[in-house]
Amino acid sequence: MMKKIAYLTVKTPLGAHEAFILTEMLALKKSGASLLIIPRGISTGVFHEKAKELLDDTLILPYINFKIIKELFSYIALRPLFTSKILFNTVFKARNVKIAVKNLCIIPKALYLSKILRQHNISNIHAHWASTTSTIAYIISKVTGIPWSFTAHRWDILENNILREKTKSASFVRAINENGRQEICEIINDDNLKKKISVIHMGVVLPELKSTPFNKPDIFKFLCPANLLIVKGHRYLFEACRILSDRGLQCKCLIAGDGPLEHELRRMAANLELDDCIEFLGRLPHERLFELYARREIHAVVLPSITTGDAEKEGIPVALMEAMSYGIPVISTNTGGIPELISDGSGIMVEEKNPAVIAGALEKLVKDQIYYNLLSEKGQEKIDCDFNVDKISTKLLALFSGEPQCSLPENSL
């Protein structure tokens, strides 16, 4: 029997973010699942071309409108005890006022969606992010009795938005790396609940073409595909570019992404006299990025991520997986979940916040073609073995088909 899964996202398939979730949903459809995609918020238009394939499966609703308000008052009037329990579990159990307000704001939409999902013969609900998207899924499951689950990524784990309550209610919890699983276990601190947490990586599509042997180009081009945020560590890459330039290497650093640090990073590039070496491309659609990889216009991908002062860090960056799938060697740091991807030699792992070692790794790729080709091959093998989205979608469908651990609807509360 075909599974019909409600998939909750932040904005996907609309907007520029969450491209990795887009890839996963397309793979689930390919594997035979039927999806009803529900973005938490509304974004402007489609950014990634592949997203158009999912628009017919997407239900777009505002946070509030007349119908949603009407449904809210209906719940309050007809089932006051049940509504009070929802408020208590999602708002009053929240560990701070900010989280409580965020959860409170999505309760009306969650209650309205409960009514809609009953009409769609949904077998499972899955939410990406352990924050408010999973709060919506939690509420819908409590109302309808439909089993639910969620994927926890990075910052959303540390936010701890009623994480123990959600884990208790969910059929399963998915961490995208071992580091994340351990963090969830520490927060919930319950040996029985820990059994619900599985590590299932995010995955990427493997291109049909195979990598070709590397021939040293006149200008070695490397790409940093990352939002312009502190955790991505761009400044250390820029300092590495200064080192390479001083050594006389002909290199070009391409920055694909946008974010709040753009002005500061542009100023830094100018101050380092690297305007000719560093080029800001802005945010690239998936298809454009893959085109660059397929044409071998990018010779390496560098992600100089760091652990910030407030303990923010990477999961396992899908940007690295995507490059590796095309046989593009990657360089990244020993932070967050990155060692799970490249510590076996399928990429180059360097110390964080160290421009000199980043420069050294890039110089080795430029000068050693045998090493470059070996890294290219090992990277593709790693992705096919552990991060192939088709294999991962099969694992997810198996979990969706398991015996539901969710309780019956709590209408009697």
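Rounded to the nearest angstrom and listed largest first, the equivalent-ellipsoid semi-axes of the chain from its Cα gyration tensor are 41, 21, 19.
With 20 Å as the cut-off, how large is the P(r) tail for the stretch 285-363, expressed as percent of Cα-Cα pairs?
Working: 995 of 3081 pairs.
Summing the P(r) tail past 20 Å for the stretch 285-363 gives 32 percent.
Non-local lysine pairs in the stretch 1-65, meaning eight or more places apart or on different chains, with alpha-carbon distances under 16 Å, amount to 10.
Each stretch of four or more DSSP H residues adds -39500 (n - 2.57); spread over every residue of the chain, this sum gives -13500 deg cm²/dmol at 222 nm. This model, with +1 at the C-beta of Lys and Arg and -1 at the C-beta of Asp and Glu, gives the chain a dipole about its Cα centre of some 1660 debye. What number, in percent, do you get for the relative contact order of the stretch 309-358 if the mean sequence gap of Cα pairs under 8 Å and at least 6 apart is divided by its residue count? Once divided by the residue count of the stretch 309-358, the mean separation gives 32 percent.
Could you size up the charge dipole of the stretch 116-168 around its Cα centre, putting +1 on the beta carbon of Lys and Arg and -1 on that of Asp and Glu, and report it in debye to the nearest 20?
Values: 6 positive and 3 negative charges, 29 e Å.
That gives a dipole near 140 debye.
For the pair the stretch 92-106 / the stretch 1-60, the C-alpha centres are spaced 27 Å from each other.
Against the longest alpha carbon principal axis of the chain, how many degrees, from 0 to 90 and to the nearest 10, is the axis of helix 178-188 turned? Tilt relative to the chain: about 30 degrees. Residue ranges 98-108, 123-133, 387-397, 15-25 sort as 123-133, 15-25, 387-397, 98-108 when ordered by packing (mean number of other C-beta atoms within 10 Å per residue, highest first).
Cβ under 14 Å from Leu223's Cβ, Leu223 left aside: what net charge do those residues give with Lys, Arg +1 and Asp, Glu -1?
Working: positive: Lys221, Lys232, Lys252, Arg283, Arg288, Arg295, Arg296; negative: Glu279, Glu291, Glu297, Glu322.
Surrounding charge for Leu223 is +3.
Using only Cα atoms, find the angle between the long axis of helix 262-271 and the longest principal axis of the chain, and express it within 0 to 90 degrees, rounded to the nearest 10. Helix 262-271 sits roughly 10 degrees off the main axis of the chain. The value of relative contact order for the stretch 216-309, using C-alpha pairs under 8 Å at least six residues apart, is 45 percent. As a rough guide to protection, the peptides 49-59, 164-174 ranked by mean Cβ packing within 10 Å, highest first, stand as 164-174, 49-59. When each of the peptides 5-13, 360-368 is scored by how many other beta carbons lie within 10 Å of its residues on average, the order from highest to lowest is 5-13, 360-368. How much of the accessible area of the stretch 286-398, probe 1.4 Å, is carbon plus sulfur, in whole percent? Solvent-exposed carbon and sulfur of the stretch 286-398 make up 51 percent of the total.
With contacts defined as alpha carbon pairs under 8 Å and 6 or more residues apart, what's the relative contact order of the stretch 165-260 in percent? Please report the intermediate quantities before stating the final value.
On the way: 81 pairs, mean separation 25.2, N = 96.
Reported relative contact order: 26 percent.
Taking the solvent-accessible surface of protein heavy atoms with a 1.4 Å probe, what is the per residue accessible area of the stretch 31-185 in Å²? Intermediate values should be presented prior to the final figure.
Values: 6260 Å² over 155 residues.
Spelled out: the 1.4 Å probe surface of the stretch 31-185, per residue, equals 40 Å².
For the stretch 272-382, the solvent-accessible area with a 1.4 angstrom probe is 38 square angstrom per residue. Roughly speaking, to the nearest percent, how much of the stretch 59-126's 1.4 Å accessible area is carbon and sulfur? Carbon plus sulfur share of accessible area: 69 percent.
Looking at the square roots a ≥ b ≥ c of the eigenvalues of the Cα gyration tensor of the stretch 234-391, which shape do they give, rounded for a/c under 1.5, prolate if a/b is larger than b/c, or oblate? Working shown, then result.
Details: a/c = 1.42, a/b = 1.30, b/c = 1.09.
It is rounded, given that a/c, with a ≥ b ≥ c, falls under 1.5.
Axis of helix 66-78 versus longest Cα principal axis of the chain: the two differ by about 50°, to the nearest ten degrees. Using a Gaussian network model of the chain in which every pair of alpha carbons under 10 angstrom is joined by a spring, one finds that among Pro285, Pro225, Pro217 the greatest mean-square fluctuation is at Pro217.
Between the stretch 321-357 and the stretch 192-247, the alpha-carbon centres lie 7 Å apart. Positive end of the dipole of the chain (Cβ unit charges, origin at the Cα centre): among Ile383, Met349, Val366, the Cα lying farthest that way belongs to Ile383.
Using the Cα centre of the stretch 1-126 as the reference point, and only Cβ charges (+1 on K/R, -1 on D/E), how large is the resulting charge dipole? Debye, rounded to the nearest 20. List each step's numbers first, then the result.
Details: 19 positive and 7 negative charges, 105 e Å.
Dipole magnitude for the stretch 1-126 comes out near 500 debye.
The values are calculated or read from the model by the stated rules, or taken from the named source; none is laboratory data. Worth saying up front: this structure is predicted, and the values here are computed from it rather than measured. Cβ: placed from backbone, ideal geometry, glycine included. Neighbour counts: every protein chain shown. What goes into the accessible areas is simple: the full protein's heavy atoms, side chains included, and nothing from ligands, DNA or RNA. Shrake-Rupley method; radii C 1.70, N 1.55, O 1.52, S 1.80 Å.
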